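Some notes on the structure that comes next.
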Amino acid sequence: MRIEDVVCPFCGCLCDDLVVSVEGTKVLSVENGCTLATEKFTGDHRLAHPIRRTGGAWEKTTYDDAIRETAEILLDAERPLLYGWSGTFVEAQTLGVHMAELLGAVIDNTSTVCHGPSIMAIQEVGHPGCTLGQVKNRADVIVYWGANPIEAHPRHMSRYTTFTDGFFVKSAFRERKVIVVDIRETDSSEIADEFVKVTPGGDYAVLTALRMIVRGKGDLVPATVSGVTREQLFRVAEICLSARFGAIFFGLGLTMSRGKSKNIRNAIELTEELNRHTKFTISPMRGHWNVYGSNEVFTWITGYPYAVDFSRGIAFYNPGETTSVDLLRRKECDACLVVASDPGAHFPRACAEHLASIPTVQIDPHVNATTHLSRIQIPVAVTGIDAEGTAYRMDGVPIRTRKLFSTGYPDDVAVLGRVYSLVKEAKG
Amino acid sequence: MRVILKTRPRKKPHVPIEAEGIIPQNFLRKNDLTVYEGNRERNLEDLFFVTVEGPAVSPDQVEIILTGDTGRIKRVGEYMNAGRIIIEGDIGMHCGNFMSAGEIIIRGNADAWLGREMRGGRILCEGTAGDYCGAGYRGEKRGMRGGTIEVMGNAGDFVAEYLSGGEVIIHGNCGDLPGVEMRGGTLVIGGNCSRPCGNMTGGTCMVIGDPGELLPSFRRNGSTEVEFGGKKFRMAVFRGDVANRGKGTLLVKEEAIISRSGRDERL
């Protein structure tokens, strides 16, 4: 059976034009998708049933027992952490936040090791952003800063920027200029009209220099700034100033390098400065397909986008204090529930070690690095393949993912709903 | 009056304690103070051996002494307005938040956000301080507004972010971006740092050690002589951050500038 307009649950692009052929519960082929999408739909390493660690070995257990034990672990903890959420749909995320409030837990999503600093900067100076449709139809200057879309978001360029024509950009190839800023040559930098190579950790100074030039204080810019020549800085500023509509996209090269949120703040202030002369926007290249959704859900329920601490009964937010990596590094948590993400693979070693030393429960369809740190793993359906639910694209547009077939696995809402009921019963 | 709070051994010593109730005015008369251990509310006596010596009629006669395993206790001295707190060891985050008067002395190290949004009074940290010492809360437009923080050791990143008034003195080194977004007050760094005063709009920052790389957005504006720790230093004066129409002052040791002049054509 051929299913059209399938939404891809892999990266923040959330492409909604895939054509997937299925037979029973098997995906035969994926059209329009990138390699990452094909791999996600055809990959098949699902855990068959819940597992539980006893002694040094895994044993098979039932959903009933696994869910009951999960609730007991969380209720017993003085500082439980509910981490992940970016790989599931918003209905499940909503349940997670309500459960965190009941438990007095800390709830955090993967922005904490990703675009969290971007949100901190936005809280300081705002976000001059737009949807990807605006970029596609209007932008004649595209800047990728600290991002490598060809490898990380393979269809970003062909759906929204460099390789696609828009309503006001009739011939993208001729009319769109692409600037790539990175610390090394990448596949993306090869197709750039202007590649700016910055010494690692030097982005803040380069952004400052560009702001000075746009503001008319270019006389003060020295011969080189963080490895970038004065001439190139002026050239880049000129390209931006002569744009009709410019769009800056930035990735983890900017958020997770030295300066962190201050880099993003500087980039936003450059965007504001450019807006005195022409139209410019700035947007983060979000990673997980529904990480934006987790920020939305957390914010509409608690007022804060990630790292929300309910231990005092009210929501408190302070990255650096209530963020997962910091909590785990300081060994604060005494229990952890991981939903739809893989901190075992992405967190620093000290954090993974602490996860292994406390009761950690994972709710995830697949066996991954976190499985090896967990006491219990409960497999669920994969949203966008055998479960459906709402997700938010990287520009904040909600898109409902589709269910291609039924496998009999419960979805995240079914499992979390039962844990929530047990917690609610105990808390009264 | 002297109140001695000695920590009791805990089953989970890493779980943080939030104790904004530990301020001098709360000990004037006997009341049931509670603190939070993780998500559990506890009586002060459950976590501390409490000894009270002598009387007091006003909060400025109260001295609190914290001893034992105090490195995980957060928010001690929050909103304090009189008296004195002496911490014999390390202290957790947010010590002296919003304090307006009185004195806090820390014999060990302080964790992040020491004296966050402080309005007045004095904090002395004899060890090292963490990140965001004398800074503001996330998204807040003003950090510390008055009073003095003195750190004898080093401090972390983003020291005195959004500093708006008062004085922060770090005798050791600072991390990255001290005085970032600074808009008033004085920041003195006795040691080294990197990228001081990014985006500053006002106030004065003085770096006695090596300032590391300077941002390109500071305009040289003569030199001056200052005194620090009983010694005189010849300082280069910069105005900035010009990317932000800033009118702040950054003083950097002249020798540090000369040794770097090969790399920086402004000098």
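The values are calculated or read from the model by the stated rules, or taken from the named source; none is laboratory data. Predicted, not measured: the structure shown is a model, and the values here were computed from it. Don't worry about glycine lacking a Cβ; one is built from the backbone with ideal geometry, like all the others, and counts go over all protein chains shown.
Observations, loosely collected:
- Restricting attention to region B:27-53, the residues that are surrounded by fewer than 19 Cβ atoms within 10 Å (Cβ to Cβ) and within 14 Å of chain A (Cβ to nearest Cβ) add up to 5.
Residue by residue, here is whether (1) among the β-branched types (Val, Ile, Thr); (2) modelled with pLDDT of 95 or more; (3) farther than 15 Å from A:Leu404 by Cβ holds:
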residue: A:Leu18; (1), (2), (3): no, yes, no
residue: A:Ser21; (1), (2), (3): no, yes, no
residue: A:Lys40; (1), (2), (3): no, no, no
residue: A:Glu59; (1), (2), (3): no, yes, yes
residue: A:Ala71; (1), (2), (3): no, yes, yes
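- For region A:246-279, a tally of residues being in a strand (DSSP E or B) and buried (at least 19 other Cβ atoms within 10 Å of the Cβ) returns 5.
- Residue check, A:Leu355 in contact (Cβ under 8 Å) with a residue 24 or more places away in the chain, hydrophobic (A, V, I, L, M, F, W, C) and part of a strand (DSSP E or B): no
- Residues satisfying the stated conditions in region A:120-154, i.e. among the charged types (D, E, K, R) and within 14 Å of another protein chain (Cβ to nearest Cβ): A:Glu124
- Single match in B:Phe238, B:Phe233 (criterion: within 12 Å of chain A (Cβ to nearest Cβ) and either out of contact with any Cys (no Cβ under 9 Å at 6 or more places or on another chain) or not small (Gly, Ala, Ser) (or both)): B:Phe238
- Residue ID - farthest from the other protein chains (Cβ to nearest Cβ), chosen from residues in region A:222-232 that are buried (at least 17 other Cβ atoms within 10 Å of the Cβ) and under 20 Å from A:Lys262 (Cα atoms): A:Val228
- Of all residues in region A:307-317 being on the phi < 0 side of the Ramachandran plot, outside any strand (DSSP E or B) and more than 9 Å from chain B (Cβ to nearest Cβ), the one that is surrounded by the most Cβ atoms within 10 Å (Cβ to Cβ): A:Ala315
- When we screen B:Ala82, B:Ala56, B:Ala19 for residues that are within 14 Å of chain A (Cβ to nearest Cβ) and either surrounded by fewer than 20 Cβ atoms within 10 Å (Cβ to Cβ) or under 26 Å from A:Asp76 (Cα atoms) (or both), the only hit is B:Ala19.
- In region A:199-212, of all residues being within 19 Å of B:Ala243 (Cα to Cα) and β-branched (Val, Ile, Thr), the one that is farthest from the other protein chains (Cβ to nearest Cβ) corresponds to A:Val206.
- Among residues of region A:318-336, those that are within 7 Å of chain B (Cβ to nearest Cβ) and more than 15 Å from A:Ala356 (Cβ to Cβ), counted: 6
- Qualifying positions in region B:189-203 - surrounded by fewer than 20 Cβ atoms within 10 Å (Cβ to Cβ), away from chain A (no Cβ under 14 Å) and in contact with a Lys or Arg (Cβ under 8 Å, 6 or more places away or on another chain): B:Gly202
- Residue within region A:397-404 that is within 29 Å of A:His156 (Cα to Cα), crowded, with 22+ Cβ neighbours inside 10 Å and in the same structural domain as A:Val339 (by TED's automatic domain parsing) present: yes
- So B:Glu167, is it charged (D, E, K, R), within 14 Å of another protein chain (Cβ to nearest Cβ) and within 11 Å of the chain's Cα centre (by Cα): no
- Scanning region A:394-428 for residues that are in a helix (DSSP H, G or I), out of contact with any strand residue (DSSP E or B) (no Cβ under 7 Å at 6 or more places or on another chain) and not hydrophobic (A, V, I, L, M, F, W, C) returns A:Gly417, A:Arg418, A:Tyr420, A:Ser421, A:Lys424, A:Glu425, A:Lys427.
- Residue check, A:Leu47 at pLDDT below 95 and either aliphatic (A, V, I, L, M) or in the same structural domain as A:Leu416 (by TED's automatic domain parsing) (or both): yes
- Screening B:Asp210 against (1) part of a loop (DSSP other than H, G, I, E, B); (2) at pLDDT 95 or above leaves a single unmet condition, (2).
Conditions (1) over 16 Å from B:Met118 (Cα atoms); (2) in contact with a Gly (Cβ under 8 Å, 6 or more places away or on another chain); (3) buried (at least 20 other Cβ atoms within 10 Å of the Cβ); (4) modelled with pLDDT of 95 or more, marked per residue:
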{"position": "B:Ala155", "(1), (2), (3), (4)": "yes, yes, yes, yes"}
{"position": "B:Val168", "(1), (2), (3), (4)": "no, yes, yes, yes"}
{"position": "B:His171", "(1), (2), (3), (4)": "yes, yes, no, yes"}
{"position": "B:Leu187", "(1), (2), (3), (4)": "no, yes, yes, yes"}
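- Taken together, the criteria exclude A:Thr208 from residues that are crowded, with 20+ Cβ neighbours inside 10 Å and at pLDDT below 95.
- In region A:245-294, the residue that is nearest to A:Gly96 (Cα to Cα) out of those that are in contact with a Lys or Arg (Cβ under 8 Å, 6 or more places away or on another chain) and within 14 Å of another protein chain (Cβ to nearest Cβ) is A:Gly259.
- A residue that is closer than 26 Å to B:Leu214 by Cα, without any contact (Cβ under 8 Å) to a residue 12 or more places away in the chain, in contact with a helix residue (DSSP H, G or I) (Cβ under 8 Å, 6 or more places away or on another chain) and in the same structural domain as A:Gly133 (by TED's automatic domain parsing) occurs somewhere in region A:213-221.
- Selection count, region B:86-145, where residues are among the hydrophobic types (A, V, I, L, M, F, W, C) and in a loop (DSSP other than H, G, I, E, B): 12
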